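What follows is a set of notes on a single structure, which appears directly below.
The values are calculated or read from the model by the stated rules, or taken from the named source; none is laboratory data. No experiment lies behind these values; they were computed from the predicted model shown. FYI the Cβ positions are ideal-geometry reconstructions off the backbone, even for glycines, and counts take in every protein chain you see.
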Amino acid sequence: MKELRILAVEDSRRDLDLIVREFMRSGYRVHAERVETAEEMSERLQYGSWDAIISDNALPNFDATRALAVLHLSRLDVPFVIASGVIGEERAVELMKAGASDYVSKRNLSRLVPVIEREVRDAAERRERRRIEFELSKLNSERERMLSQRSALLDINNAVIASTDRQSLCQAISDAVGGSLPCNTVALMLRNAESGSFETVVAQSERGCFIAAESALKEFGRQVLAMRKLLTLTLPSADRRLPGEELLLEAGVRSCIAAPLMTKAEPFGALILASCITADSPACDPDFFAQLSYQVALAMENMLSYEQIAALKSRLERENAYLIEEIKSERNFEEMVGTSPAFLDLIDKVRRVAPTDATVLITGESGTGKELVARAIHARSLRSGKPLVKVNCAAISAGLVESELFGHVKGAFTGALDRRVGRFEFAQGGTLFLDEVGELPLDTQAKLLRVLQEHEFEPVGSNRTVQVDVRIIAATNRRLDQAVREGRFRADLYFRLNVVPIELPPLRERRSDIPDLVSFILATYNRQFGKTIESVADESMQRLINYDWPGNIRELQNLLARAIVLSTGSVLRLGEDFPPQSAATAPPRSSASESPAPPVANQELNEIERQHILQVLRDTNWVIEGSGGAALVLGLHPNTLRSRMKKLNIKRPRDL
């Protein structure tokens, strides 16, 4: 049975009995007391606990207004409900404004029970809310204290995080600790790796405390290292446990605290604080100092690991430089093969430009070997010991190209879950090869120009400036001068890139190199496919020489790979399907002295390509980008497809 304690401001015993009866009918066991004066009500509130107060409007010596005033003085949160016979609306509003919870007519006491239940429930919720707020206040106070300590730890961490060498890190720790804690002297002792003894690496002192008592503080640090636990000392001490305490007292030291710096195996140093401020407390809170010393130990341990990594890195760099020199002695211009005048002229340009740091722009048709030339320039440059980093500008979406080149910080954009190092930073000290540079968006071209001019950039989402020393080699199969005139490429960037232009001749202009190229490719694919083809039939070789090769060396490689895979003998013979139908009308060469045959078949190839692209565009409803776009079906970058459409005069119908 539910219990209810009611204090009734009532002069009628009969009316109180009626009220109690209503609650009993609703299943309550009621304890009710009746008061008729302010003194009686004040006494009951002081010495009793009540769930609700039910008050008549007016008693001979007391009324509801004065009863509310007594309740307010008690500062108790007890529901106050008016239960009266007849009361005017104006009076009811006045009492509600004074703090009454509700009003019930004695003519309808059945309404009193739900009103009291509601008010008792609301009062309980208010008390619970105040309790929770009080607990939260306590928690917030504790949280603020912890945040204050963490802030101090963070300040120290920020002070040491940028230091990697031993001396600067030790000095940063000393400066940070001295600036964050109430102490006059900070000393850092470290074990000497060779002798095994502990030496004072750095000390920061005011009023000469450490200088005057250096030996005594060192002895205190040795005790800490021997016991492997935090120690505090208040001077003068009762047991005289530290030799040389007189020296500390003479220097003005009144308290010391020290903690060992531990690795997983054993202590490698100690952090010591001394204070001249007070004689009845340590230099700082021991619990907080324990956290601080743990963080300092981690920083020092990381520094020791960094020293080991740096030593290994130096050794690997020396070994890598040796291996690179060994490889260079066995290779000549990588896989570039040929003896034609056009090829030899190209090799001469590469030899002359490679040792310089000049920016190079390589142009030529697709498949002519622009990447091979870039690698040859890098291999012959003074930067050959550093990386050659390649970026295919046509293969990166416009939204990610800046992140790819310059990197980004964590949270720079949706999906940037961690910091990313850009290609410029990867190529630091080496060479960056920008393939298909003509596909870069205009806004990225502006940032690239700044890197070329200022040798610095900011990663995406960061205000940190990164300095770089990178040589740029760019390549394109587009006419950049025409793109400049059409507003698709910045003129200032074009002139920056076009310092040393190298134009690669198409394969049809160096036909005399085809036999050498065929031999080289044949040897490569023999090893790759496990074949033993020794030569190419004369008639097949002549057909290879006479073909115009619109796809240049890449097309030659692909055709030979297919022929070698399908070949069954030791002599390679081309099938009847070569040359392709589109090139069959090209006039054969009568002798090696004649000029190259004009590319008659190019118009037919362009028309075939145009019809193919048109059909794919119709099938995809002229959607270029996306999962169902024409670029994906054709295996092209969207920007490359747009360029081909413009070249082939393909335009979207106006009714679509």
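Scan the stretch 56-91 residue by residue and report those that are under 21 Å from residue 3 (Cβ atoms) and of a type outside the set (Phe, Trp, Tyr).
Matches in the stretch 56-91: 76, 77, 78, 79, 81, 83.
May I ask you to list the residues in the stretch 343-366 that are part of a helix (DSSP H, G or I) and surrounded by 15 or more Cβ atoms within 10 Å (Cβ to Cβ)?
Residues satisfying the conditions are 343, 346, 347, 349, 350, 353.
In the stretch 10-52, what residues are within 18 Å of residue 108 (Cα to Cα) and either of a type in the set (S, T, N, Q) or not in a helix (DSSP H, G or I) (or both)?
Hits for the stretch 10-52 are 10, 12, 26.
Consider residue 149 carefully, then state whether it is at pLDDT below 70, surrounded by 11 or more Cβ atoms within 10 Å (Cβ to Cβ), in a helix (DSSP H, G or I) and polar (S, T, N, Q).
yes
Every residue in the stretch 517-558 that is in contact with a Phe, Trp or Tyr (Cβ under 9 Å, 6 or more places away or on another chain) and within 19 Å of residue 338 (Cα to Cα), please.
543, 544, 547, 555, 556, 557, listed by residue number.
If I go through the stretch 419-448 residue by residue, how many of them are under 21 Å from the mean Cα position of the chain (by Cα) and part of a strand (DSSP E or B)?
Summing the residues that are under 21 Å from the mean Cα position of the chain (by Cα) and part of a strand (DSSP E or B) in the stretch 419-448 gives 1.
How about the stretch 64-105: which of its residues are over 18 Å from residue 10 (Cβ atoms) and under 60 Å from the mean Cα position of the chain (by Cα)?
72, 73, 74, 75, 76, 77, 96, 97, 98, 99 - these are the residues of the stretch 64-105 that are over 18 Å from residue 10 (Cβ atoms) and under 60 Å from the mean Cα position of the chain (by Cα).
If a residue has to be of a type in the set (D, E, K, R) and closer than 30 Å to residue 552 by Cα to count, how many in the stretch 447-494 make the cut?
Count: 8.
Listed here are the residues, each with its yes/no results for (1) touching a Cys at 6+ places or on another chain (Cβ under 6 Å); (2) within 24 Å of residue 437 (Cα to Cα); (3) part of a loop (DSSP other than H, G, I, E, B); (4) not assigned by TED's automatic domain parsing to the domain that holds residue 395.
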| site | (1), (2), (3), (4) |
| --- | --- |
| 478 | no, yes, yes, no |
| 493 | no, yes, no, no |
| 515 | no, no, no, yes |
| 524 | no, no, no, yes |
| 540 | no, no, no, yes |
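Provide a single number: the residues in the stretch 542-573 that are more than 49 Å from the chain's Cα centre (by Cα) and either closer than 17 Å to residue 372 by Cβ or not in a helix (DSSP H, G or I) (or both).
Result for the stretch 542-573: 9.
Which one of these is among the basic types (Lys, Arg), without any contact (Cβ under 8 Å) to a residue 24 or more places away in the chain and assigned to a helix (DSSP H, G or I): 126, 143?
143
Just checking, does the stretch 494-502 include any residue being among the β-branched types (Val, Ile, Thr), surrounded by 13 or more Cβ atoms within 10 Å (Cβ to Cβ) and out of contact with any strand residue (DSSP E or B) (no Cβ under 8 Å at 6 or more places or on another chain)?
There is no residue in the stretch 494-502 that is among the β-branched types (Val, Ile, Thr), surrounded by 13 or more Cβ atoms within 10 Å (Cβ to Cβ) and out of contact with any strand residue (DSSP E or B) (no Cβ under 8 Å at 6 or more places or on another chain).
Could you give me the residue pairs with C-beta distances under 9 Å whose first residue belongs to the stretch 367-385 and is under 26 Å from residue 548 (Cβ atoms) and assigned to a helix (DSSP H, G or I), whose second residue is hydroxyl-bearing (Ser, Thr, Tyr) and modelled with pLDDT of 90 or more wherever it lies, and which are 6+ apart or on separate chains?
Listed by first residue and then by second, the contacts come to 370/363; 370/476; 374/431.
Going by what's in this entry, would residue 328 be described as modelled with pLDDT of 85 or more, surrounded by fewer than 19 Cβ atoms within 10 Å (Cβ to Cβ), assigned to a helix (DSSP H, G or I) and outside the structural domain of residue 248 (by TED's automatic domain parsing)?
The answer is no for residue 328.
Of the residues 52, 58, which single one is at pLDDT 90 or above and assigned by TED's automatic domain parsing to the domain that holds residue 114?
None of the other options fit; the residue is 52.
If you scan the stretch 449-470, which residues turn out to be surrounded by fewer than 12 Cβ atoms within 10 Å (Cβ to Cβ) and assigned to a loop (DSSP other than H, G, I, E, B)?
Answer for the stretch 449-470, where residues must be surrounded by fewer than 12 Cβ atoms within 10 Å (Cβ to Cβ) and assigned to a loop (DSSP other than H, G, I, E, B): 463, 464, 465.
For the stretch 124-146, give me the residue count where each residue is more than 31 Å from the chain's Cα centre (by Cα) and modelled with pLDDT of 75 or more.
16
How about the stretch 215-262: which of its residues are surrounded by fewer than 15 Cβ atoms within 10 Å (Cβ to Cβ), at pLDDT below 70 and not polar (S, T, N, Q)?
Answer for the stretch 215-262, where residues must be surrounded by fewer than 15 Cβ atoms within 10 Å (Cβ to Cβ), at pLDDT below 70 and not polar (S, T, N, Q): 238, 239, 240, 241, 243.
Would the stretch 485-497 turn up any residue that is closer than 15 Å to residue 370 by Cβ and over 35 Å from the mean Cα position of the chain (by Cα)?
no
Within the stretch 398-409, identify whether any single residue is assigned to a loop (DSSP other than H, G, I, E, B), under 20 Å from the mean Cα position of the chain (by Cα) and in contact (Cβ under 8 Å) with a residue 40 or more places away in the chain, and answer yes or no.
yes
Of (1) assigned to a helix (DSSP H, G or I); (2) among the hydrophobic types (A, V, I, L, M, F, W, C); (3) at pLDDT below 85, residue 120 satisfies all except one. Which?
Among (1) assigned to a helix (DSSP H, G or I); (2) among the hydrophobic types (A, V, I, L, M, F, W, C); (3) at pLDDT below 85, residue 120 violates only (3).
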